[in-house]
Every structure is written in structure tokens, then in C-alpha cells.
Amino acid sequence: MTLRLEDVSKRVGAALHLDGISLALEPGSFNVLLGRTLAGKTSLLRLMAGLDKPTGGRILEDGRDVTGVPAGRRDVAMVYQQFINYPSFTVYENIASPLRRQGLGRDEIDRRVRGTAAMLHIEGLLDRLPGQLSGGQQQRTAIARALVKGARLLLLDEPLVNLDYKLREELRAELRQLFRDTGTIVVYATTEPAEALIMGGNTAVLHEGRLIQHGPTAEVYGQPVTADCAAIFSDPPMNFLDAILSDDRLMLGDGTALPLAAHDRGLPPGPCRVGIRANHLSVVRPNDMAVAIRARVELAEISGSETFIHVGHAGVPLVAQEHGVHPHQIGETIALYVDPTRIFVFAPDGTLQAAPARVPQRRRGVA
Amino acid sequence: MDKPWNNRAWLLVLPVVAIVAFSAILPLMTVVNYSVQDIFGPGQAYWVGTEWYRKVLEDERLRDALLRQMLYSLAVLAIEIPLGVAIALCMPSGKGWRTSLTLVLLALPLLIPWNVVGTIWQIFARGDIGLGGAALQRLGLDYNYTGDPLDAWLTVLAMDVWHWTSLVALLAYAGLQAIPPAFYQAAKIDGASRWSVFRYIQLPKMRGVLIIAVLLRFMDSFMIYTEPFVLTGGGPGNATTFLSQFLTRMAVGQFDLGVAAAFSIIYFLIVLLFSYVFYTFITKVGTGDAR
Amino acid sequence: MATIELRDIAHSYRPDPRGPSDYALRRLSRSWEDGTACALLGPSGCGKTTLLNIISGLITPSEGRILFGGRDVTGLSPERRNIAQVFQFPVIYDTMTVYDNLAFPLRNRGMARPDLDRRVRRVAELLDLTGDLKRRAQRLTPDAKQKISLGRGLVREDVAAILFDEPLTVIDPHMKWQLRRKLREIHKEVRLSLIYVTHDQVEALTFADQVAVMVDGAIVQVGTPQELFEEPAHTFVGYFIGSPGMNLLPCELAEGGARVDGIPIPLPAGPRPDAGPHAGPGARYEIGIRPEFLEIDHLGRAAGNGGAAPGLVPVDVTDVAFLGTHRIVTARLGRHTVKVKLDEGRPVPGDPGLRFPPGRTKLYRDGVLVN
């Protein structure tokens, strides 16, 4: 199935929850819907599912207009933040429930329930009730119930947010494997940039009810079309500095001059905003081109493998992410190196003007 | 919310629409019809316009009944709401036989048919054989609900409180159970007094259910009929004749259909107006919009 | 302000605990210096919340005593312990303004108005809430509400410790950074003892000077974030901390090192680990190495003239995941899977081999670090 949204809007009272969203999702694609709380992720999922009707625009499945068609008559499954299962049904009956509604035969149901349960590693829990399960097992059951239908559209609304950190990490890796090579369109809503990167596939960035960008995840991460998009897709948050661009250099607010690299040469001169991801701001000089800026240490967060150095530079808070442990005294002034080849340049209105070149990616089958 | 359209949904709603049409809308229209005509019999109806309405509004007895009714409803709210909340606060929480037992006991009065409630109290309050009435007389009180208007009033009120406070208590209890334990823990740590916990945590969190309780109790008490009819028959004199009873007497007893119809419409509008005012007022109290 | 000391604390939710499995919290003794920021880190059901509630006084432990600055507070209720707590979901008094929320604990303690006003304003400033003082607390964002919860603890003069129960659960990722920063700043400023319970390693490690890792009702290791990362005392710590966690490979001991599926892995020099007192014939050995410390290299180039390079173990790369700042390479080593963290920009060689730096390769016997 191909799902197309054409200029879809959703207005509730005076508030515009979704504003002119156009999006095409290919069969078998994995799509992350990335946005902050209240960006409109859940509203959009509800429209895709047919739980709500858009106030403007059309929704097409394989070219067929399904705009007013309710969820019950669409081929869709959904998983929510909360672990939603039938409390009085066993895990087996929970997973079987959508199949019973389809009126499948007993053997067919049994085969599919056991198959799906095995995929989610809950085959040993089929006789239990949801109340006897841990959070992770409950959510596995809910995911199994959504998967067993074999719906052509599967929507997941921050499904891991209520789980423990480590459990989230494991389930995430499993889900990524699970959704490969099925013909299903998967839409996975999350607030976390790291989750979008791990899940891969495509990412659609939603901000204040608008779709800012949609494309392959690595591409959206590497070339965010606006500063907002870059900020949403960075964790730790992206650092922004005001600068003036001229023919041969970038002049930062404090007078530091950055030489131009291949990617930001030839841009129209004038004011701009420089975006630097935390891992490209370093206490170690990465190469000969790198330029130091002076910054006052406000806090060093040491996570064991990494240090997040929070600094103030000309009144702007910045974060630098370093490998290893780097203890720093609060109030100490240090030099942080900016690598001109790794910076983003945004126009004053936030539009991306130049992004650093990306390292070519190889995903699977590297041998 | 703007939900997707499903025509099959109409099939499910249809029976309700039909029942409401037959049981509410049609009778209401008939009443409207009666209230603007003088009807002597089939085919003998004359248009009288607003005459019945004028007559109703000028009627002393009706104004008295309305005043009595409002006083009664206010008294019911003033007693049952605080009492219900107080009971809810004292109820055991959590799972266990104590909670179940309390809930069953509280639900009992709600399960008794209204006319039976009237009969129970009629006997209970009798001065000669009634447990309550006789006990009061033994205490040396000159209690006689069939003769003394004040005693009649208090008895009707007591009956209503006995019958309906449970409902308020159950609603308030449900509201209290929904408060996460963290709020109580935080209040403890903040050194809050019992009163502060009630005032700043429990009361605000119970707002939603209390609105429902107030509305239900107001509308119900405003339309009370069966219990006082059984207990006092509206007497002594007209002391406990409330609006609905007055209306019935007018329509059935005196066969004043036109006046009674006009009165019904006015009655209906009053209930509607009060409920609306209550609702808009109460939903804003405590949200800061009223300030 | 006070040292917090736990003496032989244990807790069971059952009235008559028999075996150790009946205990939600197994016997432990521990003390935290005044002014430390410490975190209790562990999965759900590990006993961390039970321990926190024992410290706050919401639970009286079945066994043992708890002392604040030498004073036995075991039987005292939370309000008499001089602690404050921030809960998972923001607890605010809906009907009050931000100012009244902050003033509430002081009013309850009967503080005079000028003092109260001064303290409330100071705390509001510390938390960047000055502009919101007159607003109704109910209308604020979750992160502002959490700041108010914290502020109600900070206004009090008598607070010995502030306890946090997964306080960032409902906060968006980008706001988490700001709130964590704020928390650390405040800790530097007021030097209170802070105890922070979480399942989130990033929160625990970045927040605390001392992290206690808990599992199955027991603390398995206490240390600085660096110690926990570099020297996990237990395989659980290795697995639980780090993302992805430590690679743990079952192995056999051999002369000068270990063998994983017959492949030799060098270990740091020292006495033979199977000579120790706990080493029985049935002991289970594992080597552990963090994905950050594994080095990936060209087998051929390092080998020079044909043969396999010394110390390089040939592997099959099965997956490379791009994670923005780095990549995670998944490779097969014998029958086992290993993960390697690779910096952005570093290529994956066509003929990959893994190097296990001896200083970074740990040996575990029955789950416990051998050293």
C-alpha cells in the first residue's frame, strides 16, 4: 500500500494542530515521525489511522480517497505509549483478538499467534494475564497484537517511552529487525533524535504542526533544511552562534574569524547563523583548519565514556561532547575548537545554506 | 472532535432517537400545544396565546411553591454536598473487606424505590409507633410531622439526606481515589496540615466529580415528587408542596390543563436555566477564569 | 545538612520473609557524605525506589537503622526528617500561583512574611521562575512544574537532602539538557545532599558524583561514572551501563590469556586468574570489553607479509548502524556477536579484524571481576 497525505490540516477550535501536511509513504518503508511534545505527532497518526477526520486535505491509500473512512474499515494497526491490552484476556487471547474478529480458522489463528509471539520472545507467556507481566512484556504483547493482523499500515506512537532505558535499547534493536522486509508501512513517532537514528529508514520532522522535512534519516540528519529541524534532530542540542559571512571568512560575534571550507564557500555575504553539533566542538584540536573560541566552563557532565562540557561563550550557552573523561573547573576559561569543515550555515530566517559533506555510509553486508 | 463519518453509526443511534422522540419531544410539543390553547375536548380547541402564562405568573400559590422549592433545593445541596464529602474523606481506601463493606452499605439507600423510601419514613417518623418519631417524643420534644410545618420540613429534608447523601459520597470517593499518592507524600514533606491537604489537594482534584454531584442533586431535588407525596402529601397545609406536586394537583386534580401546561413549560425553563448557570459558574470556579 | 548513613538496612513487603527472594531490598550498609550528589541506578524492580522511600521515611525498613548526621531517624515520618522530594510526575498545587506554591512549605512552618518573601524570591531567581511568580502553577509546562517541585524543597532552610524519583520522565529530550544543567548548577550553589533514582544511565551518570548500581534488591557497585564505565565490578554493571553495553563473551582460560570459541584473546599479565580462592572447576569465565575500546583494523595491512596480524582477530561484519556522532558495527566472532563503536568518519575496513587492548579487556568469574 502507498499512503499519501495531500495538504492535510487539522483544526480544533481556534488551534491549528496540523498545517498543510503533504507526505507520501512507500510500501514497506520505515518512517520515523520526529518532533517534540505537542508538535502534532499524535494528531497526525490519528488522521493516518482514521480515528479523526482532517479539517482540510485528502488522505489516499493506493490512490483511493479514504479521507472520511473510519479506522475500523481501514487496514491499519496501532501501538500506543500506554500498554493497552485486554486485562481479562490471556496474552494468547490478546494476540488472537484481531484474528478472531477477522473470522479466521482455529488452526490458522493458532499458527499466527504462536509465530508472532515467537518473534517478540513472549511465546513462554501465552497463558499469563497482562497484569502478571512486566512493562516490557506488556508492550511486547501490544506490539504482537498489532503485528499479527498483518495490516498494511502500522502506526506506533512513542511505544517505548514508558519502558526502562536498557529495555528500550533492546526492544528498539529488535523492532528494527522485525520491520525489515515486510511489505508494511511503519510509522514510528518519537521525540528522541537517537531513536530516529537507530531505527533508520526515513525520518519526517514535525514542528508546531508543520512538516519541515522528510527523507532518508541520515540525509535529514546530515542536511537539515532549517535551523529548527537541526535543533530537533540533535541530542545534545545543536549549538548556534551568530556570524557575518564574507568572501573569505565567517566572523563570529566575538571577533573570531573562521576560514571557509569547501562547503560554505561562495555563499552570499551577510549575517548568518552557524550551527555546530556538540561532537564537533572540541577541547582537542581536530585539524590545522580548526579555530579556537574562548569559553567559560559552567558545568562538566561526565558520563564515563563521554564528557559534556557546558560552557558560556559571549553570553550564549554551548555544549561540547568529548570522548573520555575531561574534568574541568567551573568558571575556568578554556579554548574550544571549531572545525570549519563540520559547521552548518543557516540564513537569518533559519534556512540551511550549507551543510558539511557527509561520510559515505555503508549499512549492511560490508565484508 | 471531528470524527470520521460512518453511516452505520446511525443505525445504532436510531433506537435512542426514536425513544427520545416518543418519550420526550412529542410530549413536550403536546404540552406546548396545550399551553397556548383552551381545550374542551377533541376538536374543540381555541387559541388563547399567552393567557395561561400570564395567569401562572400572577398566581400567588405558585410563587410560594417556587420559593419553597428553591429553599428546599438549596438546603439539600448545603447539607448533602459537605456531608457526602466528609463521609468520603472518612472512608477506608485501598482494597479489602472494609472498603467493600462500606461501599455496599452506602449503596443500599440508593437501591430502594422512591415510594418505598417515603413509606419507610412515614412509619419511621410516626409519633406513636415509629422508631424515630417515638424516640423524639420520648426525649420530650413536641414532634409531629403531620401537624407542624417545620417538623414536616425537617422530616422531608432528613429523608432526602438519608436517601441521597450516599450518591455524593460515592462520587467524591471516586474522585479521591484518583489522586496519585505522590500528592499526599509531597504535602507531608511540605508540612501541610490536614486542612491544607483538603483545601489544596483533595478539593481541587474532586472538582470534576463535585460538579456532577451538585448538578445531579440540584436537578433531582428540584423535581422531587414521590417521597414528600407519600410522606406528607404536601401538608400540613401547603408546607411541603413543591413544584411538581403543585403542578400535578393543578393538572390532575383541578383539570386545569392549559394553566398546568404553561406552568410545565416555565418549570422546564427554570430547571434548564438553573442547570446552565450552575454549570457555567462551577466549571469556572477554581480554574482561575472566574478571577 | 547531614551525612546519610544506612546501617544493615533490609526491607521486605511480606510480613514474615523467609529466603532472600522475599526481600525487595537485601541487607546493605552505606553512607553518603554531606553534600554529595548520588544516584541509585537500576532496572524496574531492583529495589531503588524502596531504598529511596526508606531514606525519605515513607517506608520503615523491616531491619536496620538509618541515621541523618548521626541522629537515628528510622522511626521518623517524612515531615520530621528534613528532606524534600521531587516525584516522577510534577506535584504542584493547582489552585495556587507559583509564588504560593513556593511559599507553601514555609507558611506551613510559620515563617514570618519578610523572611518568607526574601527566600521565595531568591529560589525563584535560582530556578529562573521570577517572571512566572504570579502565574497559576497549573498553566506551566512540565519542566517548569518540576522546577516548582524542586523549589519547594530549596526554599526550606532545614532541608538536609533532596530526593529525586525519576524526575525527568515527562520532560522532552531538549528540555532534559536544560533541567539537568540547572540541577547541577543548583547543587554547586547550595551544596545539599541530592539522591536521584533513575533507570536512565545518562541521567544517573551525568547527574551524580557517586552512582550506586542496583539489581535484585542489592547494590552491585558504587563508584564514579568513570569507574563504573572503565572498571565494571560485575557483568551486570558492564551490561547496564554504556550504550550499547559491554560485550561479554564466554571463554576458557589458556596460557597468557583466554580463548573464545578457540580464538585466543590476550589478557593483562598477572597471576593466573584460576588460581584464586573462589576458582573451582565449575567456575564460569567471561571476558568483557566495551564497544568503545575495541579497535577495528585491516587484517591484511597490519599483517604486512601475508599472515594474520598479531593481536588482530578476524571477524565478519554483519551490520553498520549510523548514529549521528558515531556508528555501531555489529560483527560475528566465532559463535558470538560483538559490537564496536566507531567514530564518525572512520571507515569500516574491507577485511576487518578486532584488537582487544589488554588494559581494557576484563575477565569475569561467575559474573564478578577478577583482578
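Among the residues of the range B:7-17, is any aromatic (Phe, Trp, Tyr) and modelled with pLDDT under 85? I'd like the intermediate steps shown before the answer.
To start, the set of residues in the range B:7-17 that are aromatic (Phe, Trp, Tyr) comprises B:10.
Subsequent filtering for residues that are modelled with pLDDT under 85 retains B:10.
Looking through the range B:7-17, at least one residue is aromatic (Phe, Trp, Tyr) and modelled with pLDDT under 85.
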Practice item. Quick one: B:Ile189 ticks every box in (1) away from every other protein chain (no Cβ under 14 Å); (2) open to solvent by less than 20 Å² (accessible area, probe 1.4 Å) except a single one, so which number is it? Key: (1)
Study note, to complete from the structure: Of the candidates B:Ala88, B:Ala134, the one satisfying the condition of being out of contact with any helix residue (DSSP H, G or I) (no Cβ under 7 Å at 6 or more places or on another chain), among the hydrophobic types (A, V, I, L, M, F, W, C), at negative phi and open to solvent by less than 70 Å² (accessible area, probe 1.4 Å) is B:Ala134
**Study point:** Odd one out for C:Gly280, checked against (1) surrounded by 12 or more Cβ atoms within 10 Å (Cβ to Cβ); (2) of a type outside the set (A, V, I, L, M, F, W, C); (3) modelled with pLDDT under 70
**Key:** (1)
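If I filter the range C:142-166 down to residues being part of a helix (DSSP H, G or I) and charged (D, E, K, R), which single residue comes out as farthest from the other protein chains (Cβ to nearest Cβ)? Spell out the reasoning first.
Initially, the range C:142-166 is screened for residues part of a helix (DSSP H, G or I), giving C:142-154.
Narrowing the set further to residues that are charged (D, E, K, R) leaves C:143, C:145, C:147, C:152.
On the way: C:Asp143: 10, C:Lys145: 12, C:Lys147: 14, C:Arg152: 6 Å.
For the range C:142-166, the residue satisfying everything is C:Lys147.
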**Study point:** Residue in the range A:141-153 that is more than 21 Å from the chain's Cα centre (by Cα) and either within 30 Å of C:Pro167 (Cα to Cα) or without any contact (Cβ under 8 Å) to a residue 24 or more places away in the chain (or both) present
**Key:** yes
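So, A:Ile109, is that one open to solvent by less than 20 Å² (accessible area, probe 1.4 Å) and farther than 18 Å from A:Ile84 by Cα or not?
Values: open to solvent by less than 20 Å² (accessible area, probe 1.4 Å): yes; farther than 18 Å from A:Ile84 by Cα: yes.
Yes; evaluated as a whole, the condition is true for this residue.
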Point to revise | Condition check for A:Ala262: surrounded by 22 or more Cβ atoms within 10 Å (Cβ to Cβ) and either in contact with a strand residue (DSSP E or B) (Cβ under 6 Å, 6 or more places away or on another chain) or touching a residue at least 40 places away in the same chain (Cβ under 8 Å) (or both) | key: no
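Results for (1) over 20 Å from the mean Cα position of the chain (by Cα); (2) at pLDDT 90 or above, shown as yes or no for each residue.
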| position | (1), (2) |
| --- | --- |
| A:Leu163 | no, no |
| A:Gly183 | yes, no |
| A:Val187 | no, yes |
| A:Leu206 | no, yes |
Check your understanding: Going through the range A:24-48 one residue at a time, which ones are surrounded by 20 or more Cβ atoms within 10 Å (Cβ to Cβ) and either hydrophobic (A, V, I, L, M, F, W, C) or not assigned by TED's automatic domain parsing to the domain that holds A:Ala151 (or both)?
Key -> A:Leu25, A:Phe30, A:Val32, A:Leu33, A:Leu34, A:Ala39, A:Leu44, A:Leu45, A:Leu47, A:Met48
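Can you spot a residue in the range A:292-299 that is farther than 24 Å from C:Lys188 by Cα, at pLDDT 90 or above, assigned by TED's automatic domain parsing to the domain that holds A:Gly350 and part of a strand (DSSP E or B)?
Here is the first cut: in the range A:292-299, the residues farther than 24 Å from C:Lys188 by Cα are A:292-293.
From what is left, the residues that are at pLDDT 90 or above are A:292-293.
Okay, now just the ones that are also assigned by TED's automatic domain parsing to the domain that holds A:Gly350, so A:292-293.
The next check asks that each one be part of a strand (DSSP E or B); those that pass are A:292-293.
Yes, the conditions are met somewhere in the range A:292-299.
Considering C:Glu189, C:Glu227, C:Glu231, C:Glu203, which residue is more than 9 Å from chain A (Cβ to nearest Cβ), under 15 Å from the mean Cα position of the chain (by Cα) and among the acidic types (Asp, Glu)?
That would be C:Glu231, the only listed residue that is more than 9 Å from chain A (Cβ to nearest Cβ), under 15 Å from the mean Cα position of the chain (by Cα) and among the acidic types (Asp, Glu).
Take the range A:199-213 and flag every residue that is closer than 21 Å to A:Asp7 by Cα and either within 13 Å of another protein chain (Cβ to nearest Cβ) or touching a strand residue (DSSP E or B) at 6+ places or on another chain (Cβ under 7 Å) (or both). I'd like the intermediate steps shown before the answer.
Kept after step one, since they are closer than 21 Å to A:Asp7 by Cα, are these residues of the range A:199-213: A:202-213.
The answer is A:Asn202, A:Thr203, A:Ala204, A:Val205, A:Leu206, A:His207, A:Gly209, A:Arg210, A:Leu211, A:Ile212, A:Gln213.
Within the range C:61-74, can you find the residues that are assigned to a loop (DSSP other than H, G, I, E, B) and either under 24 Å from the mean Cα position of the chain (by Cα) or closer than 21 Å to B:Ala192 by Cβ (or both)?
Selection gives C:Pro61, C:Val73.
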Check your understanding: Identify, please: which residue in the range A:154-198 is open to solvent by 20 Å² or more (accessible area, probe 1.4 Å) and more than 12 Å from every other protein chain (Cβ to nearest Cβ) and is, among those, nearest to A:Leu51 (Cα to Cα)?
Key -> A:Thr184
Exercise for review: For residues that are within 14 Å of chain B (Cβ to nearest Cβ) and open to solvent by less than 10 Å² (accessible area, probe 1.4 Å), tally how many sit in the range A:62-94.
Suggested key: 1
Exercise for review: Mind listing just one residue for me: the one in the range B:192-223 that is of a type in the set (D, E, K, R) and within 14 Å of chain C (Cβ to nearest Cβ) and, of those, surrounded by the most Cβ atoms within 10 Å (Cβ to Cβ)?
Suggested key: B:Lys205
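Take the conditions in contact (Cβ under 8 Å) with a residue 24 or more places away in the chain, within 26 Å of A:Ala231 (Cβ to Cβ) and of a type outside the set (Gly, Ala, Ser) and apply them to A:Val76. Does it pass? Show your work before the answer.
Numbers: in contact (Cβ under 8 Å) with a residue 24 or more places away in the chain: yes; within 26 Å of A:Ala231 (Cβ to Cβ): no; of a type outside the set (Gly, Ala, Ser): yes.
Criteria not met by A:Val76.
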Study note, to complete from the structure: Filter the range B:135-153 for residues that are small (Gly, Ala, Ser) and within 26 Å of the chain's Cα centre (by Cα); the one that is modelled with the lowest pLDDT is B:Gly147
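Determine, yes or no, whether C:Ser62 is in contact (Cβ under 8 Å) with a residue 12 or more places away in the chain, open to solvent by 50 Å² or more (accessible area, probe 1.4 Å), more than 9 Å from chain B (Cβ to nearest Cβ) and touching a Gly at 6+ places or on another chain (Cβ under 7 Å).
no
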Review point. Out of all the residues in the range C:345-362, is one or more without any contact (Cβ under 8 Å) to a residue 12 or more places away in the chain and buried (at least 20 other Cβ atoms within 10 Å of the Cβ)?
Key: no
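Here is a list: A:Val283, A:Val291, A:Val220, A:Val225. Which entry is buried (at least 20 other Cβ atoms within 10 Å of the Cβ) and farther than 21 Å from C:Gln178 by Cβ?
A:Val220
Can you pull out the residues in the range A:199-212 that are assigned to a strand (DSSP E or B), farther than 22 Å from C:Arg327 by Cβ and open to solvent by less than 40 Å² (accessible area, probe 1.4 Å)? Quick ask: steps written out before the conclusion?
Here is the first cut: in the range A:199-212, the ones assigned to a strand (DSSP E or B) are A:202-207, A:210-212.
Now narrow it down to the ones that are farther than 22 Å from C:Arg327 by Cβ: A:204, A:206-207, A:210-212.
Residues satisfying the conditions are A:Ala204, A:Leu206, A:His207.
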Check your understanding: Can you tell which of A:Lys53, A:Lys10 is open to solvent by less than 70 Å² (accessible area, probe 1.4 Å), part of a strand (DSSP E or B) and either among the basic types (Lys, Arg) or not assigned by TED's automatic domain parsing to the domain that holds A:Arg111 (or both)?
Key -> A:Lys10
Review point. Within the set of pairs 6 or more residues apart or between chains, which connect a residue that is in a strand (DSSP E or B) inside the range C:227-251 to a residue that is hydroxyl-bearing (Ser, Thr, Tyr) with Cβ atoms less than 8 Å apart?
Key: C:His234/C:Tyr364; C:Leu248/C:Thr235; C:Leu248/C:Tyr239; C:Leu248/C:Tyr364; C:Pro250/C:Tyr285; C:Cys251/C:Tyr285
Check your understanding: Given the conditions (1) of a type in the set (Gly, Ala, Ser); (2) within 14 Å of another protein chain (Cβ to nearest Cβ); (3) more than 24 Å from the chain's Cα centre (by Cα), which single one is not true for A:Ala39?
Key -> (3)
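The values are calculated or read from the model by the stated rules, or taken from the named source; none is laboratory data. The structure presented is a predicted model; accordingly, all values stated were derived computationally and were not measured. Note that each Cβ is placed from the backbone with ideal geometry, even for glycine, and that neighbours are counted across all protein chains shown. Note: accessible area is taken over every heavy atom of the protein model, side chains too, but ligands, DNA and RNA are not part of it. Shrake-Rupley method; radii C 1.70, N 1.55, O 1.52, S 1.80 Å.
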